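Note sheet for the following structure.
The values are calculated or read from the model by the stated rules, or taken from the named source; none is laboratory data. These figures come from a predicted structure and were not determined experimentally. Reconstructed Cβ throughout: ideal geometry from the backbone, glycine too, with neighbour counts over all protein chains shown.
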């Protein structure tokens, strides 16, 4: 049995981006219930040299949309600079979900051996095949940032459990 590139990317990204949106809902409810400014949570980090919650969410989104765009050869959505609030982060997640779902299984699956070039924020690049981009770089990066966002919120006292991270497992998007 093999797993398709589409299910290894689009199915995973959409499930966990949905979970990330839910985590932000829980963060907003936590801030409201405790009468604290939500920006306190958005600026929280696990250690001084790590990204804050806002950036963790942004990086998860970035890896989902950028890897997908590289596989199919289209430009990813561009999000404005600045400090988004919870509602804006949720809107960006919704845009990312719509973007990755907009491609057919054939478009994603056909890119397994395609050479792609990932450009880092500092301008340096790394070449991958589509499959190696997903399996050895983008999906692990995506999970690192989603997990760290969850951990930041737990550290800040937001009442979360593993199911909040996992979300609702869904059927595979294609067979």
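The criterion of being outside any helix (DSSP H, G or I), modelled with pLDDT under 95, touching a strand residue (DSSP E or B) at 6+ places or on another chain (Cβ under 6 Å) and farther than 30 Å from residue 29 by Cα holds for residue 118.
For segment 78-91, filtering for residues that are surrounded by 13 or more Cβ atoms within 10 Å (Cβ to Cβ) and either modelled with pLDDT under 95 or outside any helix (DSSP H, G or I) (or both) leaves 3. With respect to being part of a helix (DSSP H, G or I) and out of contact with any strand residue (DSSP E or B) (no Cβ under 8 Å at 6 or more places or on another chain), residue 44 falls outside the description.
Looking only at segment 121-175, filter to residues that are part of a helix (DSSP H, G or I) and in contact with a strand residue (DSSP E or B) (Cβ under 7 Å, 6 or more places away or on another chain); which one of those is surrounded by the fewest Cβ atoms within 10 Å (Cβ to Cβ)? Let's see the steps before the verdict.
Within segment 121-175, the subset part of a helix (DSSP H, G or I) is 130-155, 162-166.
Then drop every residue that is not in contact with a strand residue (DSSP E or B) (Cβ under 7 Å, 6 or more places away or on another chain), which leaves 130, 133, 137.
Details: 130: 23, 133: 27, 137: 15.
Checked segment 121-175; the qualifying residue surrounded by the fewest Cβ atoms within 10 Å (Cβ to Cβ) is 137.
Which residue out of 111, 94, 60 is assigned to a helix (DSSP H, G or I) and either free of Cβ contacts under 8 Å to residues at least 60 places away in the same chain or crowded, with 16+ Cβ neighbours inside 10 Å (or both)? Steps first, please.
Values: 111 fails: assigned to a helix (DSSP H, G or I); 94 fails: either free of Cβ contacts under 8 Å to residues at least 60 places away in the same chain or crowded, with 16+ Cβ neighbours inside 10 Å (or both).
The match here is 60.
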